[in-house]
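Working notes for the structure below.
The values are calculated or read from the model by the stated rules, or taken from the named source; none is laboratory data. For clarity, every value in this text was computed on a predicted model and none was experimentally measured. Cβ placement follows ideal geometry from the backbone for every residue including glycine, while neighbour counts extend to all protein chains displayed. Calculation scope for accessible area: heavy atoms of the full protein, side chains included, ligands and nucleic acids excluded. Shrake-Rupley method; radii C 1.70, N 1.55, O 1.52, S 1.80 Å.
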Amino acid sequence: LNQWVFGMEPQAAAEAPRFATLSFPRSFEPHGFEPDRLVAEGRIGSSTLEDLRARGHDPQGWDKWDWRMGCVCAVIRDTQTGLLDGAADPRRPSGAIGW
C-alpha cells in the first residue's frame, strides 16, 4: 500500500511504521478480539496515539521495530527496464539478494 498509494520505494515501504487493529476476531481458536484496541509501533508518535484515543480507540504502544507487526519481503520488477528491486523487513531476520 505504501509503495503503490504513496509512491515509496520498496525498502522504505517495508520499514515504515505499522499499526494494527485487534477489533476483529482472530484467525485461531478461540477467535478472541479486543474491541477498539489498536496497537502501534513505538515510532508512531504519542500525539497520534492521543488523537486516536480522543476518537474512541484504545491505542497501545509497542516497541520500535516490533517483530509482532509481521514481516514483509518484496521483489518488484520494473516493467520498462526489467530491473528488479528488493526489500527486506528489519523486524525479523531477512534479506534481499539478486543476480
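Observations
- Candidates Asp63, Asp78, Asp51, ranked by Gaussian network fluctuation over the chain, Cα under 10 Å, top entry: Asp78
- With DNA, RNA and ligands ignored, accessible area of His31 (1.4 Å probe; Å², nearest 10): 80
- In the chain, the DSSP-assigned H stretches of four residues or longer account for a calculated mean residue ellipticity at 222 nm of -5000 deg cm²/dmol, using -39500 (n - 2.57) per stretch and the full residue count as denominator.
- Using a cutoff of 8 angstrom between alpha carbon atoms and counting only pairs six or more residues apart, the relative contact order for region 20-78 works out to 29 percent.
- Taking Lys and Arg as +1 and Asp and Glu as -1, the other residues whose beta-carbon sits under 10 Å from that of Ile76 total -2.
- Straightening the chain between Glu29 and Val72 buys 13.0 nm, computed as 0.36 nm per residue apart minus the Cα-Cα spacing.
- Expressed as a whole percent, the accessible area of the chain that falls on carbon and sulfur atoms is 57 (1.4 Å probe).
- For the residues Trp67, Trp4, a 1.4 Å probe over the protein chains yields an accessible-area ranking, largest first, of Trp4, Trp67.
- With each label modelled as a point 7 angstrom along the Cα→C-beta vector, the Arg43-Thr21 pair spans 2.3 nm.
- Under 5 Å, built H, 5+ apart or other chain: amide partners of Val72: Asp89
- Relative contact order, percent, the chain [alpha-carbon distance under 8 Å, six or more residues apart]: 24
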